[in-house]
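Working notes, structure below.
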Amino acid sequence: MADPKGFLKVDRREHAERPVAERLADYRELVLEPEPPVVRAQASRCMDCGIPFCHQGCPLGNVIPEWNDLVWRGKEEEAEAVLYATNNFPEVTGRVCPAPCEASCVLAIDGVPVTIKDVERTIARTSFESGRGLAPVRARVRSGKRVAVVGSGPAGLACAQQLARAGHEVTVYERDDRIGGLLRYGIPDFKMEKEIVDLRVAQMAAEGVVFRTGVDVGGDVTGGELRASNDAVVLCLGARVPRDLAGPGRDLAGVHFAMDFLVQQNRRVAGDVVPDAEAILAAGKHVVVIGGGDTGSDCIGTSNRQGALSVTNLELMPKPPLVRMPDNPWPAWPLVLRTSSSHEEGCAREFAVMTRGFVADASGTKVSKLTAVRVELAGGQVREVPGSAFDIPCDLALLAMGFTGPETTGLATELGLALDPRGNIVSDAAGRTNVPGVYVAGDASRGQSLVVWAIADGRRVAAAVDTALEASRKGRHLAATG
Ligand SMILES: Cc1cc2nc3c(=O)[nH]c(=O)nc-3n(C[C@H](O)[C@H](O)[C@H](O)COP(=O)(O)OP(=O)(O)OC[C@H]3O[C@@H](n4cnc5c(N)ncnc54)[C@H](O)[C@@H]3O)c2cc1C
Ligand code: SF4
């Protein structure tokens, strides 16, 4: 275990962030990496409790106490090996995971958990800097089996990497022009710069994964064709159908889905030119972001960087408490108010507010105002508070109210895939759909979720595919990594 008295001697110290004024001037990552001695001291706070709850909190089952101990002892390579045994992309989770592990750390009972996410990111960074974490892990034994992975988000990438390392011939089909799914075109660069995705994709290519971008499966190539030319097909399509808002003025210019706005900015940062006629920009505008989740938060950070005049964030649900309530005890995920780095950069936050619609400016075509009403929860139902209607100046409204499911229409019909009432692809615990040889992983089966769950799903389904292809997964994988 790490220092048995570490948690008594060392206070929790999280990474610092760049000053707001500085970071709003660019799209670079805002985290300032802690120095190695600080990270070692933080890792020493891990008590290696008899029953560690942290790695139950982690969907990947990361064996956190083990790598905390190794980091504290300065055994970098061993810490990397332990971390990579359960997580293909710690450089990603170390940046964007909400860290349920920290919420379930025993020290979180007193509100000062180990800085697990910082330690994880540091292990990943060290492994990148030394080149160890990016060295291709090539399978020594080839199975001769072919697998098509559709979609290149974290689920597809984790699945593809695991299968390639187990010796299968893997092709990833992606309809976008670049690999990465929401890692590439959803999550803004100020949370995660895209170079790290490129480095991982290059590693996978060197491991034998073939990437085919610009291919819409169900359009450019049919699901049937993929089934016929592969031994297994894994659908990692994501869940990107946005929830819409019905109401007067929805069609006015200036009312957009959040993702249309975010994708454009990620493209600009990547050096693409977004044509003026299509550009959605917050500069000089009163921006209203509807929806209080990750997507909404990313819209706030992006709007402020673009130079919005004001940013208001509307959330339908009431303001959560600042601390855990008695019916939400440790180690459950704390249902408390979350303030993201984007919120800290500046925005007005309004809770328990329902948008009624949008009002046009004098031209009759562009949004100039948003009409809303305050609501309360009564018997589990959202009820308008009489006489509480109000307007907000609004030149740009961004709808970030979540996602209703995957865009499966053509593919689901063609393959005859069973869907649940929300439109997600139905599967068993191994990711098998009702169509033989066709699997599903990530948001396409669980609905819009988290990167860490997508990686965990990708790994789980890869293991099931490998087993089904009668490969000796364990033997091959160990041979490949050993
Ligand atoms: C704006 C935003 C911010 C987020 N921030 C965070 C965060 O900070 N932390 C976190 O943990 N989670 C975050 N999430 C959630 C997280 O990004 C997702 O849960 C995760 O990316 C899901 O991974 P996936 O591989 O299942 O799907 P995706 O990442 O959505 O990838 C699916 C891929 O499949 C491709 N595809 C779909 N259909 C086809 C087809 N027919 N043919 C070929 N390709 C196809 C798509 O183009 C896409 O590239 C965020 C989500 C959004 C929208
Ligand atoms: S992946 Fe997320 S939950 Fe797991 S150890 Fe890392 S930060 Fe914690």
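Every residue, every condition in (1) modelled with pLDDT of 95 or more; (2) closer than 30 Å to GLY223 by Cβ, yes or no:
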position: GLY238; (1), (2): yes, yes
position: GLY247; (1), (2): no, no
position: GLY254; (1), (2): yes, no
position: PHE257; (1), (2): yes, yes
position: ARG267; (1), (2): yes, yes
position: VAL288; (1), (2): yes, no
position: GLY291; (1), (2): yes, no
position: MET325; (1), (2): yes, no
message = If I go through region 398-412 residue by residue, how many of them are assigned to a loop (DSSP other than H, G, I, E, B) and under 28 Å from SER310 (Cβ atoms)?
response = 3
ask   = Looking at (1) under 19 Å from VAL452 (Cα atoms); (2) away from ligand 1 (no atom under 11 Å from the Cβ), can you tell me which one GLY249 breaks?
value = (1)
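Yes or no, residue by residue, for (1) buried (at least 18 other Cβ atoms within 10 Å of the Cβ); (2) assigned to a loop (DSSP other than H, G, I, E, B); (3) within 13 Å of ligand 1 (Cβ to nearest atom); (4) aromatic (Phe, Trp, Tyr):
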| site | (1), (2), (3), (4) |
| --- | --- |
| ASP176 | no, yes, yes, no |
| ILE187 | yes, yes, yes, no |
| PHE190 | yes, yes, yes, yes |
| GLU193 | no, yes, no, no |
| ILE196 | yes, no, no, no |
| VAL201 | yes, no, yes, no |
| MET204 | yes, no, no, no |
| LEU226 | yes, no, yes, no |
| VAL234 | yes, no, yes, no |
inquiry  = Scan region 375-397 and tell me whether some residue there is over 29 Å from GLY307 (Cβ atoms) and surrounded by 17 or more Cβ atoms within 10 Å (Cβ to Cβ).
reply    = yes
task = Kindly indicate which of ARG250, ARG227 is in the same structural domain as ALA463 (by TED's automatic domain parsing) and either touching a strand residue (DSSP E or B) at 6+ places or on another chain (Cβ under 8 Å) or within 16 Å of ligand 2 (Cβ to nearest atom) (or both).
result = ARG227
inquiry  = It is to be established whether one or more residues within region 67-78 are closer than 30 Å to ALA160 by Cβ, surrounded by 21 or more Cβ atoms within 10 Å (Cβ to Cβ), within 11 Å of ligand 2 (Cβ to nearest atom) and under 19 Å from the mean Cα position of the chain (by Cα).
reply    = no
message = If I filter region 411-423 for residues that are polar (S, T, N, Q) and either within 12 Å of ligand 1 (Cβ to nearest atom) or assigned by TED's automatic domain parsing to the domain that holds GLY458 (or both), do I get at least one hit?
response = yes
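Residues checked against (1) modelled with pLDDT of 95 or more; (2) under 15 Å from the mean Cα position of the chain (by Cα):
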{"site": "VAL440", "(1), (2)": "yes, no"}
{"site": "SER449", "(1), (2)": "yes, yes"}
{"site": "ALA464", "(1), (2)": "yes, no"}
{"site": "SER472", "(1), (2)": "no, no"}
{"site": "GLY475", "(1), (2)": "no, no"}
{"site": "LEU478", "(1), (2)": "no, no"}
ask   = Which of the residues that make up region 418-445 are free of Cβ contacts under 8 Å to residues at least 24 places away in the same chain and either within 15 Å of ALA239 (Cβ to Cβ) or assigned to a strand (DSSP E or B) (or both)?
value = LEU419, ASP420, PRO421, VAL426, SER427, SER445
query = Would you pick out the residues in region 79-91 that are more than 9 Å from ligand 2 (Cβ to nearest atom) and out of contact with any Lys or Arg (no Cβ under 8 Å at 6 or more places or on another chain)?
reply = ALA79, ALA81, VAL82, TYR84, ALA85
query = Being in a loop (DSSP other than H, G, I, E, B), away from ligand 1 (no atom under 15 Å from the Cβ) and more than 17 Å from ALA164 (Cβ to Cβ), is that true of even one residue in region 449-466?
reply = no
query = Looking only at helices (runs of 4 or more DSSP H) that fall completely inside region 62-155, which ones have 1 or more residues that are within 27 Å of GLY431 (Cβ to Cβ) and free of Cβ contacts under 8 Å to residues at least 24 places away in the same chain?
reply = 76-84
key: Odd one out for ASN313 among (1) touching a His at 6+ places or on another chain (Cβ under 9 Å); (2) at positive phi; (3) of a type outside the set (D, E, K, R)   = (2)
key: Residues located in region 93-127, provided they are in contact with a Gly (Cβ under 7 Å, 6 or more places away or on another chain) and near ligand 2 (Cβ under 8 Å from one of its atoms)   = PRO100, CYS101, LYS117, GLU120
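The values are calculated or read from the model by the stated rules, or taken from the named source; none is laboratory data. Remember, it's a predicted structure, so these values are computed and weren't measured experimentally. Here Cβ is always computed from backbone atoms with ideal geometry, including for glycine, and neighbour counts include all displayed protein chains.
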